[in-house]
Amino acid sequence: MKFAIQSKGDDSSNTLMHRIKMYLLDFDLIYDEDQPDIVISVGGDGTLLYAFHRYSSRLDKTAFVGIHTGHLGFYADWVPEEIEKLVIAIAKTPFQVIEYPLLEVIIRYQNGGRESKYLALNESTVKNIEATLVMDVEIRGEHFERFRGDGLCVSTPSGSTAYNKALGGAIIHPSISAFQVTEMASINNRVFRTIGSPLVLPGHHTCMLKPVNQTDFHITIDHLTLLHKDVKSIQYRISDKKIRFARFRPFPFWKRVHDSFISDE
Ligand code: NAP
């Protein structure tokens, strides 16, 4: 089996990365940064987001596992004290794979049918830094509302515990094929109206954002922020692709939610 390791880059993550690499090489696994069967992320959830984007072109062939060197993560749920156990499990046992939904983002531009396609593991957000964001929101091709406010966040189930949660969105179990649209400070008065509540859409629906008179937006895909000019529409739906996590022991999602947000005692 071929493996790669993605480190957060700080001293403790790098030290752990070197130890894991030595152990796995001792078990005759092959270190291959280009075509790994398994990617071990050492750091936090942010590190796993980075690893996901690095290997997003081979999601059907690569599984991910995360170790946290800070606090418990949703994608990084192994602790450094467990690495011997994890290394033996990787080397000796065929691992179980758990798949989580991903968000497909298609940005179309005004000139000449050009488009950019992205995959997000957590979410995509749209903001207009200079002025109030004004977007027509369409669901399954039907006009739903004209949004005015700071921005919109469209998240995956596994991203529902990240930015989405800070915006008052619901936490969604990652076994559910769905995505969620949450508002950032919408303007609501006698003239302007938005739904105000987070919307949870099933996997086979699409949500399209169409600019009303602005064309340039800051669009995030997980940790990446890019300024997109001359935007005609932004289309969101659940991707046909999934991220695959290597599971070596049960760690139920709701326990991770409890331990992360309520108490780990
Ligand atoms: P960052 O600003 O350095 O870290 C954002 C925090 O979000 C970190 O504590 C990270 O955990 C945590 N996180 C990432 N994915 C998560 C998940 N699925 N569930 C729960 N927590 C999660 O940025 P970053 O490390 O590059 O991560 C980018 C992410 O930051 C974005 O995808 C977005 O979800 C999140 N974000 C959140 C807010 C907010 O809550 N107001 C604002 C902007 C962005 P680790 O410490 O384990 O890495």
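Some observations on this one:
- In range of the label at Leu227: residues from region 127-148 whose backbone nitrogen is under 12 Å from the point 7 Å along Cα→Cβ: 129-130
- Rolling a 1.4 Å probe across the protein heavy atoms gives the chain an accessible surface of 48 Å² per residue.
- Computed FRET value (nearest 0.05) for Lys241 with Asp216, which takes r as the C-beta separation and R₀ as 45 Å: 0.95
- Mean sequence separation of contacting Cα pairs (under 8 Å, at least six apart), scaled by the length of the chain, corresponds to a relative contact order of 20 percent.
- Range in the chain, longest, excluding exposed trypsin sites (Lys or Arg not before Pro) [loop by DSSP; at most 14 other beta-carbon atoms within 10 Å]: 1-60
- Placing a label point 7 Å from the Cα of Glu130 along the Cα-to-Cβ direction, the residues of region 206-225 with a backbone N closer than 17 Å are 211-219.
- Computed about the Cα centre, the dipole magnitude for the chain is approximately 720 debye when only Lys and Arg (+1) and Asp and Glu (-1) carry charge, each at its Cβ.
- Angle in degrees between helix 11-26 and the longest Cα principal axis of the chain, rounded to the nearest 10: 50 degrees
- Of every Cα-Cα pair in the chain, the percent that sits beyond 34 Å: 24 percent
- Summed side-chain charge close to Gln35 - residues other than Gln35 whose Cβ falls under 9 Å, Lys, Arg +1, Asp, Glu -1: -1
- Treating r as the C-beta distance of Asp60 and Tyr31 and R0 as 22 Å, the FRET efficiency rounds to 0.55.
- Extension gain for the segment Glu84 to Trp254, taken as residue separation times 0.36 nm less the Cα-Cα distance, is 58.6 nm to one decimal.
- If you take the Cα centroid of region 22-85 and the Cα centroid of region 223-265, the two points sit 16 Å apart.
- Placing a pseudo-label 7 Å from each Cα along the Cα-to-Cβ vector at Ser116 and Ala185 gives an inter-label distance of 2.5 nm.
- Of Lys21/Lys92; Lys117/Lys241; Lys117/Lys229; Lys165/Lys242; Lys8/Lys255; Lys21/Lys85, pairs whose Cα-Cα distance is over 20 Å: Lys165/Lys242; Lys8/Lys255
The values are calculated or read from the model by the stated rules, or taken from the named source; none is laboratory data. This one's a predicted model, so the numbers in the text were calculated from it and none came from an experiment. In this analysis, Cβ positions are derived from the backbone assuming ideal geometry, glycine residues included, and neighbour counts consider all displayed protein chains. Just so you know, the surface numbers come from the protein's heavy atoms only, side chains and all, with ligands and any DNA or RNA stripped out. Shrake-Rupley method; radii C 1.70, N 1.55, O 1.52, S 1.80 Å.
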